[in-house]
1. Determine which single condition residue 165 fails, assuming it passes every other condition in (1) assigned to a helix (DSSP H, G or I); (2) surrounded by 11 or more Cβ atoms within 10 Å (Cβ to Cβ); (3) not β-branched (Val, Ile, Thr).
2. It is to be established whether one or more residues within segment 209-216 are under 32 Å from the mean Cα position of the chain (by Cα) and part of a helix (DSSP H, G or I).
3. Six or more apart or on different chains, Cβ under 9 Å: which pairs go from a residue in segment 241-260 that's under 15 Å from residue 213 (Cβ atoms) to one that's assigned to a helix (DSSP H, G or I) and not aliphatic (A, V, I, L, M)? Could you list them?
4. Check off (1) within 32 Å of the chain's Cα centre (by Cα); (2) part of a helix (DSSP H, G or I); (3) β-branched (Val, Ile, Thr); (4) within 18 Å of residue 227 (Cα to Cα) for residue 143 and give me the number that stays unchecked.
5. Looking at (1) surrounded by 15 or more Cβ atoms within 10 Å (Cβ to Cβ); (2) not in a strand (DSSP E or B), which is the one condition that is false for residue 153?
6. If you go through segment 119-165, how many residues are without any contact (Cβ under 8 Å) to a residue 40 or more places away in the chain and either touching a helix residue (DSSP H, G or I) at 6+ places or on another chain (Cβ under 7 Å) or of a type in the set (Gly, Ala, Ser) (or both)?
7. Out of segment 175-190, which residues are in contact (Cβ under 8 Å) with a residue 40 or more places away in the chain and in a helix (DSSP H, G or I)?
Amino acid sequence: MTDQGTDTRAQDEARAGGAPAPGAAGAGAGKKRTGSESRGTQNAGPESRGTPKTGSESQGTRVYPAPVQRLIEEFAKLPGVGRRSAERLAFHILKAAPGEALGLAQAVRDVKEHVRHCAVCFNLSDGDRCAICEDPRREHATVLVVEQPKDLIALEQTGMWRGVYHVLMGRISPLEGIGPGDLTVAALLRRVEHPEGNAGGVAITEVVLGLNPTVEGDGTGLFLAEELRRRGLRVTRLARGLPSGGQLEYANKAVLADAVQHRQSME
């Protein structure tokens, strides 16, 4: 009886003081885990669980043969061509006949080895002078100035221009560090001052500015107009305004302003 009473009082005192009853701590210690132990068990990776990595997991398996992979990477460098498109182009080359595939390779080689700029107008050419400058049916006294060869091609495809061209190879842009010395402005002025350097050996009487209607294009046009007028030439520019077949409600303010400012007589 005395032993039972003593044990009962000890248990009551332990519960009142917040300490675990004798024997309870030992039983609980065998069941509970600390937080670090629980987290370590939950976050254990394959290495902890004894599962080894395969070769394909530790090091990526090469999907394409090396030549095909290189071809895809080269196609992907082209503007507007992503990875998927590059893969489709590469597979097209793989399935194409040898003559067709090698013909493409030879065309790329010929472009890089034989195409140059015309010595007179800086258009693309496979000789010293382009076909336009060599054409005797052209009006060599009238020169249309453009920024890039692609602008020349666009104008030439209209079939409306019978003069010759001069390609600036860019436009003046102070923010990009591009000045007149970075363009072919000096070559244009030499054509004006020395008629023997012009196509056909004819003196230039008019220069038409066909530059893009941008801030840089307009700035370049103003610079050229000042330089050419000082040399006694007539300077004009391509008309601006509403396109044929367009509607007024869809035109922006700049286009409408140009159309009003450069309106023409109905005679």
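1. (1)
2. Filtering segment 209-216 for residues under 32 Å from the mean Cα position of the chain (by Cα) gives 209-216.
From what is left, the residues that are part of a helix (DSSP H, G or I) are 215-216.
Yes, that holds for at least one residue.
3. Short answer, once both residue conditions are applied: 241/258; 241/261; 242/258.
4. (2)
5. So the condition that residue 153 fails would be (1).
6. Qualifying residue count for the region: 9.
7. Here is the first cut: in segment 175-190, the ones in contact (Cβ under 8 Å) with a residue 40 or more places away in the chain are 180, 184-185, 187-189.
Listed by number, the residues that qualify are 180, 185, 187, 188, 189.
For every residue, the table says whether it meets (1) touching a strand residue (DSSP E or B) at 6+ places or on another chain (Cβ under 7 Å); (2) within 19 Å of residue 226 (Cα to Cα).
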| residue | (1), (2) |
| --- | --- |
| 118 | yes, no |
| 122 | yes, no |
| 129 | no, no |
| 181 | no, yes |
| 201 | no, no |
| 204 | yes, yes |
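Bear in mind that the values in this text are calculations on the coordinates, not laboratory data. On a predicted model such as this, the values are computed, not experimentally measured, just so you know. Because the Cβ atoms are built from the backbone with ideal geometry, glycine has one as well, and the counts that use them run over all protein chains shown.
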